[in-house]
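**Student:** Have a look at the structure that comes next, please.
The values are calculated or read from the model by the stated rules, or taken from the named source; none is laboratory data. Just so we're clear, the structure is a prediction, and the values are computed from it rather than from any experiment. Here the Cβ is made from the backbone with ideal geometry for all residues, glycine too, and neighbour counts use every protein chain on show. Remember, those area values only see protein heavy atoms, side chains included, never the ligands or the DNA or RNA. Shrake-Rupley method; radii C 1.70, N 1.55, O 1.52, S 1.80 Å.
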Amino acid sequence: MTEYQEKYDKYLAEFESTLNNFCDGICCKPEKLAESLKYSLQSGGKRLRPILMLAVGELLGVDSKIIKNYALALELIHTYSLIHDDLPEMDNDDYRRGRLTNHKVFGAGNAVLAGDGLMNTAYSLLFGECFKGNDYVSAAKFICDCAGIDGMIAGQSADLEHENDLTVNENVLNFIYENKTAKLLIAAVVVPSILCGGKYYSELKTFGSVLGNLFQLTDDILDVEGNFDQLGKSIGKDSAEGKYTGVRLYGLDGCKVRADMLADKCTGILEKFDGDTSFLKDLVFFVRQRIY
């Protein structure tokens, strides 16, 4: 096992413990609501956002106990967005992470409520942190802003609005990438900075943005070249539904060249940091090499 995999597994185990404890405490009624929340939360996945938050926190010297509820809230927000994204009125996906999507198991109405429940519970967790001081308030607000109408939701809305456009405008594509995908990754790496007084704030914000764009670009490529076993979801839907993608604008080979450039830019940003950034560099490579 590589050092990168060992660290990844360490962060993953730490977060899964937090998540499982949270899920064990879910006892809302009706039972179907509780089941639908747990179904999507415990369906696996890379846990990229909480792992990024824990890794950056360790780099900056922030105790993981301080970060854990922010990491949990961010994963709840991400999971709610996936539940809603899979709905028939959105991307209409039958599978997520290799399992039937929430609405396929519990029905569309219950899936909407599960997503709403996760979002509101995430905000409750963040409000709970605000009693600890101003930095905690700022960190909570940052996540809310990244997830809201000036962040992820704006990106999702633009993604829907521009379905089936005959041409692809680079500014629109960048807006979708930045908001739909990058904003939650920015939150993952910036929150630890806020919690330790703003160390490397601007560098981390840029790093999260570039990494988010890289992640979405590789996702677009994999929708063309990937397979179900690799991604755990349907392949080829972007083209079939006229989605705004990098492949449509740059072409497949152009996207791969651009992915290499974005990965190099991420690594270059990390060179400015004191401390051991090898895990974050390896994580960038992991995101990039998904397409090779």
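**Student:** Calculate, for the chain, the solvent-accessible area per residue in square angstrom, rolling a 1.4 angstrom probe over the heavy atoms of the protein chains.
**Tutor:** I get 44 Å² per residue for the chain.
**Student:** For the charge dipole of the chain, defined by +1 on Lys and Arg C-beta atoms and -1 on Asp and Glu C-beta atoms about the Cα centroid, which residue among S36, L195, Y250 has the Cα displaced farthest towards the positive pole?
**Tutor:** Towards the positive end, the residue furthest out is L195.
**Student:** Which option, (1) 18.3, 51; (2) 21.2, 68; (3) 21.0, 71, is the value of Rg and Dmax of the Cα atoms in Å that was calculated from these coordinates?
**Tutor:** Among (1) 18.3, 51; (2) 21.2, 68; (3) 21.0, 71, the one calculated here is (1).
**Student:** Can you give the accessible area of E225, probe radius 1.4 Å, in Å² rounded to 10?
**Tutor:** Here the residue's solvent-accessible area equals roughly 90 Å².
**Student:** Now for a different question. What are the aspartates and glutamates whose alpha-carbon lies under 20 Å from the alpha-carbon of K29, with same-chain residues fewer than 8 places away excluded?
**Tutor:** Qualifying aspartates and glutamates at Cα under 20 Å: D116.
**Student:** Another question, if that's okay. For segment 58-134, I need the span (max minus min coordinate) of the C-alpha atoms along each principal axis, in Å, sorted largest to smallest.
**Tutor:** Ordered largest first, segment 58-134 gives principal extents of 42, 25, 17 Å.
**Student:** Quick check on my link table: of K68/K104; K132/K199; K10/K243, which ones sit more than 27 Å apart, alpha carbon to alpha carbon?
**Tutor:** Numbers: K68/K104 31 Å; K132/K199 19 Å; K10/K243 37 Å.
Violating the 27 Å Cα-Cα cut-off are K68/K104; K10/K243.
**Student:** Can you send over the solvent-accessible area of L48, 1.4 Å probe, protein chains only, in Å² to the nearest 10?
**Tutor:** Accessible surface of L48 is approximately 10 Å².
**Student:** For a protection proxy built on the mean count of beta-carbon atoms within 10 angstrom, sort 39-45, 125-131 highest first, please. Don't skip to the end; give the middle numbers.
**Tutor:** Details: 39-45: 17.7, 125-131: 16.0.
Highest-to-lowest ranking by the protection proxy: 39-45, 125-131.
**Student:** Also: Can you pull the Kirkwood radius for segment 1-124, inverse mean 1/r over Cα pairs, to one decimal in Å?
**Tutor:** Values: mean 1/r = 0.0662 Å⁻¹.
Hydrodynamic radius (Kirkwood, Cα only) of segment 1-124 equals 15.1 Å.
**Student:** Please list, or write none, the aspartates and glutamates whose alpha carbon is within less than 13 Å of the alpha carbon of K7, excluding same-chain residues fewer than 8 places away.
**Tutor:** E58, D276, D282
**Student:** Ignoring everything but the protein chains, give the 1.4 Å probe accessible area of H162 in square angstrom, nearest 10.
**Tutor:** 40 Å²
**Student:** Could you give the distance between the Cα centres of segment 62-80 and segment 134-191, to the whole Å?
**Tutor:** Cα centroid to Cα centroid, the span is 18 Å.
**Student:** What's the Cα-based Rg to Rh of segment 116-211, Rh via Kirkwood?
**Tutor:** Using only Cα positions, Rg/Rh for segment 116-211 is 1.05.
**Student:** If packing is taken as the average count of other Cβ atoms within 10 Å, what order do 243-255, 175-187, 16-28 fall into, highest mean first? Before the final figure, lay out each step's value.
**Tutor:** Details: 243-255: 18.2, 175-187: 24.1, 16-28: 12.8.
Final packing ranking: 175-187, 243-255, 16-28.
**Student:** Same structure, new question: How much of the accessible area of the chain, in percent, comes from carbon and sulfur atoms when a 1.4 Å probe is used? Could the numbers behind the result be given before it?
**Tutor:** Numbers: 6690 of 12880 Å².
On the chain, the fraction of accessible area on carbon and sulfur atoms equals 52 percent.
**Student:** Put E3, E14 in order of accessible area, largest first, 1.4 Å probe: what do you get?
**Tutor:** Numbers: E3 120, E14 65 Å².
Of E3, E14, the descending order of accessible area is E3, E14.
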